[in-house]
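**Q** There's a structure below that I have some questions on.
The values are calculated or read from the model by the stated rules, or taken from the named source; none is laboratory data. Every value quoted in this text rests on a predicted model; they were computed, and no experiment measured them. Note: ideal-geometry Cβ built from the backbone for every residue, glycine included; neighbour counts use all protein chains shown.
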Amino acid sequence: MPVLKPTDFRGMIEWMGVVEDRAASLASSPRELADLTWNGLDEDSHAGVNRPSCGRVAAMHARGTEIRNTRQLSLISAEDLAEIAAELQIADFDPAWIGASLVLRGIPDFSRIPPSARLQAPSGATLVIDMENRPCNLPVKVIEAAAPGKGKGFRAAAWAKRGVTAWVERPGEIALGDPLQLFVPDQPEWAHYDAVRSTR
């Protein structure tokens, strides 16, 4: 019996981008078509089967330790971006400012999709959700350059709305306008989350 259950939720790809040179800038450049490979998006600075560990896993690994790359892509919803823009009092929040890989529309409470959920494209290309992508201060410089005075408010405005990180389970082509179907693991929430959950 399948453990991953299909849902009626589909996220339409409204925007795609790649971070070409992470050392130069966090900002991503838009794309209309992309091939997902075992590395993720090959043009992206976050591509690779393995990666150096970062703050997300600092409780387990010293920063820079080579680990499996479950952060190949950064996904966020159009609905969450609109809420972030409203909170920052700007007309439009460009996903390129935060190095987004994909912007999807149509899946509610997107940033809280359960880990190990899948998103599958019509081509069969499949992404595995790793975890919530919590906001940090890295985008501040990019946001400030485009919207002066707004960067410092990003972290608070994006709390619980920063999207999720993901990795490629099955390679394939994705394109603007593709609907990605959501599959979720058929299991109850762990009863002890409250003892370890962070509020901010």
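**Q** Across the stretch 1-33, what is the total count of residues that are under 16 Å from the mean Cα position of the chain (by Cα) and among the hydrophobic types (A, V, I, L, M, F, W, C)?
**A** Residues in the stretch 1-33 being under 16 Å from the mean Cα position of the chain (by Cα) and among the hydrophobic types (A, V, I, L, M, F, W, C): 8 in total.
**Q** Kindly check whether there is at least one residue in the stretch 64-84 that is over 15 Å from the mean Cα position of the chain (by Cα), surrounded by 14 or more Cβ atoms within 10 Å (Cβ to Cβ) and of a type in the set (Asp, Glu).
**A** yes
**Q** Can you tell me how many residues in the stretch 85-98 are over 16 Å from the mean Cα position of the chain (by Cα), buried (at least 17 other Cβ atoms within 10 Å of the Cβ) and not in a loop (DSSP other than H, G, I, E, B)?
**A** Pass one, the stretch 85-98, residues over 16 Å from the mean Cα position of the chain (by Cα): 85-92.
Of the ones still in play, those that are also buried (at least 17 other Cβ atoms within 10 Å of the Cβ) are 85, 87-88, 90.
Cutting the leftovers down to not in a loop (DSSP other than H, G, I, E, B) gives us 85, 87-88.
Final tally of qualifying residues: 3.
**Q** Tell me the residue from ILE129, ILE174, ILE107 that is buried (at least 17 other Cβ atoms within 10 Å of the Cβ), aliphatic (A, V, I, L, M) and either assigned to a loop (DSSP other than H, G, I, E, B) or modelled with pLDDT under 95 (or both), please.
**A** ILE107
**Q** Let me ask something additional. Looking at ALA145, ALA121, ALA91, which one is modelled with pLDDT of 95 or more, of a type in the set (Gly, Ala, Ser) and at negative phi?
**A** Going through ALA145, ALA121, ALA91 in turn, just one is modelled with pLDDT of 95 or more, of a type in the set (Gly, Ala, Ser) and at negative phi: ALA121.
**Q** Sticking with this one: Under 15 Å from LEU73 (Cα atoms), touching a residue at least 24 places away in the same chain (Cβ under 8 Å) and not in a loop (DSSP other than H, G, I, E, B), is that true of LEU36?
**A** Details: under 15 Å from LEU73 (Cα atoms): yes; touching a residue at least 24 places away in the same chain (Cβ under 8 Å): yes; not in a loop (DSSP other than H, G, I, E, B): yes.
Here the answer is yes, as LEU36 does meet what is asked.
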